[in-house]
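For reference, the structure discussed in these notes is given below.
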Amino acid sequence: MSLPELKKEQCYTYADYCKWDDGERWELINGVPYAMSPAPSTAHQRVIGRLYNQLFNFLEEKPCEVFIAPFDVRLNAAGDDDNDVFQPDILVVCDRSKIDDKGLNGAPDMVIEILSPSTARRDKVLKFNKYQHVGVREYWIVDPTDKTVQVFILQNGTYLAKSYAETDTISTHVLEGCEISLSDVFVNL
């Protein structure tokens with residue numbers, strides 16, 4: 001199935017998603033397909049790489065695992081009927097039983113999305129609401145242009161926000177002892 005055949009008014013599932021073989025990356029939010037941007041900016045790629053590197057190094061020989069897009073996250077753990085399939089820029093999973101050969105079946109513990117002009121609304125509104133609803137314990141929205149990070153910690157089913165600037169260090173809530181230096185993330189952007 002390719003883009004011209006998709007109908008915005010139809011509710012698609014993970015089973016449908018698996019049939020789309022048009023060389024593009026997609027996400028499903030409430031059954032609505034969204035094409036992923038063709039290629040992120042250089043700044044976007046640098047930020048992803050630097051964040052991933054810090055998380056990977058911290059998690060070496062620890063029970064949690066970090067993944068980088070493209071990596072399918074079937075948020076509702078509903079199998080082929082799931083109508084929410086995301087590809088977060090970076091995610092951390094502490095319950096390895098959720099990981100299968102297709103990606104992640106259920107909510108990750110931590111998600112990091114890097115803002116792009118084409119995805120900002122989805123990241124700030126649609127994904128924010130969905131991540132909060134399914135219980136993602138920590139959600140970061142990283143803005144490479146402004147060199148800021150908004151961190152949302154889930155408490156009693158609601159996200160509490162804190163903002164960080166390019167010279168700050170963030171102590172992650174989900175990963176005890178993990179500190180992310182934003183000056184290392186945003187250097188030379």
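The values are calculated or read from the model by the stated rules, or taken from the named source; none is laboratory data. Please read these numbers as outputs of a predicted model, since none were measured by experiment. Methodologically, a virtual Cβ is constructed for each residue, glycine included, from the backbone with ideal geometry; neighbour enumeration extends over all protein chains shown.
The table that follows gives values for the structure above.
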item	result
Filter result for Asp109 (in contact (Cβ under 8 Å) with a residue 12 or more places away in the chain and over 28 Å from Leu28 (Cβ atoms))	no
Strands (runs of 3 or more DSSP E) wholly inside region 112-189 that include at least 2 residues being of a type outside the set (Val, Ile, Thr) and without any contact (Cβ under 8 Å) to a residue 24 or more places away in the chain	148-155, 158-165
Every pair of residues 6+ apart whose Cβ atoms lie under 8 Å, when the first sits in region 9-22 and is assigned to a helix (DSSP H, G or I) while the second is surrounded by fewer than 18 Cβ atoms within 10 Å (Cβ to Cβ) and at pLDDT below 85	Tyr14/Ala78; Tyr14/Gly79; Tyr14/Asp80; Tyr14/Asp81; Ala15/Asp80; Ala15/Asp81; Asp16/Met1
Every residue from region 93-115 that is farther than 27 Å from Lys19 by Cα and over 9 Å from the mean Cα position of the chain (by Cα)	Cys94, Asp95, Asp109, Leu115
Looking only at region 1-60, and only at residues there that are of a type in the set (D, E, K, R) and surrounded by 11 or more Cβ atoms within 10 Å (Cβ to Cβ), the one that is modelled with the lowest pLDDT	Asp22
Asp95 being among the acidic types (Asp, Glu) and in contact (Cβ under 8 Å) with a residue 60 or more places away in the chain	no
Subset of region 104-139 [small (Gly, Ala, Ser), more than 16 Å from His173 (Cβ to Cβ) and surrounded by fewer than 18 Cβ atoms within 10 Å (Cβ to Cβ)]	Ser118, Ala120
